[in-house]
Amino acid sequence: MSILEELQWRSLVADCTDTAELTRKLSTPITLYCGFDPTADSLHVGNLVPLLALRRFQLLGHHPIAVAGGATGCIGDPSGKSQERQLLTPEVLDHNIASVKTQLAKLLDFETKQNPARLVDNASWTKNISYLDFLRDIGKYFSVNQMVAKESVRARMEDREVGISYTEFSYMLLQAFDFMVLCRDYNCELQIGGSDQWGNITAGIELTRKKLGRQVFGLTLPLITNADGSKFGKSVTGAIWLDPKRTSVEDFYQFWIRTDDRDVIRYLKFFTFLSRDEIYVLEKKHAEDPGAREAHKVLAKVVTDLLHPAKSGSEQTNETSVSTQGAIIAAEIIYHKPLENFTEADFENLRKHGHSKEIDMAVFAEPGIHLAQLLFRVGLSRSVSEARKDISIDKGIKVGSMYEIPPNQPPRLRSVINPIFPIKADHLIFNRYLLLRKGKKNYVVVTAK
């Protein structure tokens, strides 16, 4: 399949300018770009669709450019936002760009000799342009009438309480300028992005035509939503980040394994490089026996392997990476094995690969530590007062320990509704471990040292 046929089969094409001519262009390698504003020091799963699209183009011989918005990031894109973004300092933006580059290296090949990916910062071509020069050389090509007609601008202008600042109103000009510069300096002929970028992309196409007399193209990808209509990429704890310091490998794996049955085949198409035949086989198995969750396991494994390979920057293989294998081991233990069957090896695997916290053994000496204080200390609750509220919810907090009240019971999870219940050394399993659970999805293995 051609790249456009591949994207269409995966339902990854929202809009395209001049499909017939772009198809002809793509018969030979071209240069394309996708931009991201480094508003944080990590990308999140919502960024994956366009970035994986860059990888799909690169695998078929095209030349991808990832544009870091050192300039546009100083302003903030109003697209899809109900209020103005918080402005970031150049120092913060530089830090974010440096952090994100390591994640991009897992998705794009910057080392290949044939068609290496590039990472460029749009601040490099905007920082030396004066305001007057930009208005004279770029601004004159834009009609305010057309800018106001853009959906992202019009929606904000209709909200009288929030509105839109002149700063964000100017964002479209900067992104259009990026496309023109990339065409001029890198022979870039295609910009891809989410469907909310259509107005910005077409503005760049028009500017490039007027300034350079060249035809360039735009291709947008759908904004992903879950089957229930909720926003993709969110969990009960917030955004799912690509940086394991912000979202652990286990939580990343669990995010994908918990995909709604209605979404799993779509997500295999969106977020993996599995072939049409491989996905068809999984779709058939899922239809026959959705309870086996084979499609979910493949989705979680493949995406986790892609973003968290055994060695950073190493070539991807068909073997499960150490990071992913650890997440799978932890998930199988914590979600599929009763506590009374845990072995010391199980606790050690959870300590290494799952959510764990080491606590000094002295904390458990008489009279022990109150449960609410322990929940806060290990991070299951953000404060002692929140821990008390969590405990007050019927069956909201469970403690897996050696002893119940009365004692001499096998280790198992028990609901505790007393915030000052003292956790002591006698409660430790194998004289070392304690399992705390909050709801169905959050847990911490406490290890006394």
Could you tell me whether region 122-138 includes any residue that is in contact with a Pro (Cβ under 6 Å, 6 or more places away or on another chain) and either open to solvent by less than 30 Å² (accessible area, probe 1.4 Å) or not basic (Lys, Arg) (or both)?
no
For region 146-168, what are the residues that are part of a helix (DSSP H, G or I) and more than 27 Å from the chain's Cα centre (by Cα)?
Gln146, Met147, Val148, Ala149, Arg154, Met157, Glu158, Tyr166, Thr167
So which residues in region 89-145 are among the polar types (S, T, N, Q) and part of a loop (DSSP other than H, G, I, E, B)?
Thr89, Thr112, Gln114, Asn115, Thr126, Asn128, Ser130, Ser143
If I ask for residues that are in contact (Cβ under 8 Å) with a residue 60 or more places away in the chain and either among the polar types (S, T, N, Q) or open to solvent by less than 10 Å² (accessible area, probe 1.4 Å) (or both), which ones from region 433-443 would you list?
Tyr433, Leu435, Leu436, Asn442, Tyr443
One residue is enough: does region 147-154 have a residue meeting the conditions loosely packed, with under 14 Cβ neighbours inside 10 Å and either hydrophobic (A, V, I, L, M, F, W, C) or closer than 30 Å to Leu306 by Cα (or both)?
yes
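Take the residues of region 200-220 that are of a type in the set (Gly, Ala, Ser) and modelled with pLDDT of 95 or more: which is surrounded by the fewest Cβ atoms within 10 Å (Cβ to Cβ)? Steps first, please.
Residues of region 200-220 of a type in the set (Gly, Ala, Ser): 203-204, 213, 218.
Now narrow it down to the ones that are modelled with pLDDT of 95 or more: 204, 213, 218.
Numbers: Gly204: 25, Gly213: 7, Gly218: 22.
My answer is Gly213.
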Filtered residues of region 181-199 (kept if in contact with a Lys or Arg (Cβ under 7 Å, 6 or more places away or on another chain) and surrounded by fewer than 24 Cβ atoms within 10 Å (Cβ to Cβ))
Glu189, Gly199
What's the number of the only condition in (1) closer than 19 Å to Lys106 by Cα; (2) not in a helix (DSSP H, G or I) that Tyr253 fails to meet?
(2)
Residue selected from region 346-392 under the condition of a type in the set (A, V, I, L, M) and open to solvent by 60 Å² or more (accessible area, probe 1.4 Å), by the criterion nearest to Ile429 (Cα to Cα):
Met361
Out of curiosity, is Ala105 surrounded by 16 or more Cβ atoms within 10 Å (Cβ to Cβ), under 24 Å from Leu48 (Cα atoms) and either basic (Lys, Arg) or modelled with pLDDT of 85 or more (or both)?
no
Filtered residues of region 258-293 (kept if closer than 25 Å to Leu4 by Cα, among the charged types (D, E, K, R) and in contact with a helix residue (DSSP H, G or I) (Cβ under 8 Å, 6 or more places away or on another chain))
Lys269, Arg276, Glu283
Asp77, sole failed condition from (1) acidic (Asp, Glu); (2) at pLDDT below 85; (3) open to solvent by 20 Å² or more (accessible area, probe 1.4 Å):
(3)
Enumerate the pairs (first residue in region 208-229 and among the β-branched types (Val, Ile, Thr); second residue anywhere and open to solvent by 70 Å² or more (accessible area, probe 1.4 Å) and modelled with pLDDT of 95 or more) with beta-carbon separation below 9 Å, excluding pairs fewer than 6 apart on the same chain, so at least 6 apart or on different chains.
Thr208/Arg184; Thr208/Arg214; Thr208/Gln215; Val216/Arg209; Ile224/Arg266
Among the residues of region 221-250 satisfying the criterion of being more than 13 Å from the chain's Cα centre (by Cα) and surrounded by 19 or more Cβ atoms within 10 Å (Cβ to Cβ), which is farthest from Pro309 (Cα to Cα)?
Leu221
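When you look at Lys449, is it in contact (Cβ under 8 Å) with a residue 60 or more places away in the chain, surrounded by fewer than 16 Cβ atoms within 10 Å (Cβ to Cβ) and farther than 24 Å from Ala362 by Cβ, yes or no? Write out each step before concluding.
Numbers: in contact (Cβ under 8 Å) with a residue 60 or more places away in the chain: yes; surrounded by fewer than 16 Cβ atoms within 10 Å (Cβ to Cβ): yes; farther than 24 Å from Ala362 by Cβ: no.
Taking the combined requirement at face value, the residue does not satisfy it.
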If a residue must be within 21 Å of Ile240 (Cα to Cα) and not hydroxyl-bearing (Ser, Thr, Tyr), how many such residues does region 35-65 contain?
19
Matching residues, region 160-192, being modelled with pLDDT of 95 or more and in contact with a Pro (Cβ under 7 Å, 6 or more places away or on another chain)
Ile192
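Please work out which residue is surrounded by the fewest Cβ atoms within 10 Å (Cβ to Cβ), limiting yourself to region 262-309 and to residues that are assigned to a helix (DSSP H, G or I) and aromatic (Phe, Trp, Tyr). Give the steps one after another, and end with the answer.
Taking region 262-309 first, the residues assigned to a helix (DSSP H, G or I) are 264-271, 276-288, 290-292, 294-307.
Cutting the leftovers down to aromatic (Phe, Trp, Tyr) gives us 267, 270-271, 280.
Values: Tyr267: 20, Phe270: 21, Phe271: 21, Tyr280: 12.
Applying the filter and picking the extreme gives Tyr280.
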Among the residues of region 29-50, are any modelled with pLDDT of 95 or more and in a loop (DSSP other than H, G, I, E, B)?
yes
Identify the residue in region 427-449 that is within 29 Å of the chain's Cα centre (by Cα) and of a type outside the set (Lys, Arg) and, among all such residues, is modelled with the lowest pLDDT.
Gly439
Name the residue, out of Lys210, Lys245, that is of a type in the set (Lys, Arg) and either part of a helix (DSSP H, G or I) or closer than 24 Å to Thr72 by Cβ (or both).
Lys210
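Taking region 412-432 only, how many residues are without any contact (Cβ under 8 Å) to a residue 24 or more places away in the chain and of a type in the set (S, T, N, Q)?
Narrowing region 412-432 to residues without any contact (Cβ under 8 Å) to a residue 24 or more places away in the chain: 414-415, 431.
From what is left, the residues that are of a type in the set (S, T, N, Q) are 415, 431.
Here the count works out to 2.
The values are calculated or read from the model by the stated rules, or taken from the named source; none is laboratory data. In this text the structure is predicted, and so the values were computed from the model without any measurement. Counting neighbours? That spans all protein chains shown, and the Cβs are built from the backbone with ideal geometry, glycine included. All accessible areas refer to the heavy atoms of the entire protein, side chains included, with ligands and DNA or RNA removed. Shrake-Rupley method; radii C 1.70, N 1.55, O 1.52, S 1.80 Å.
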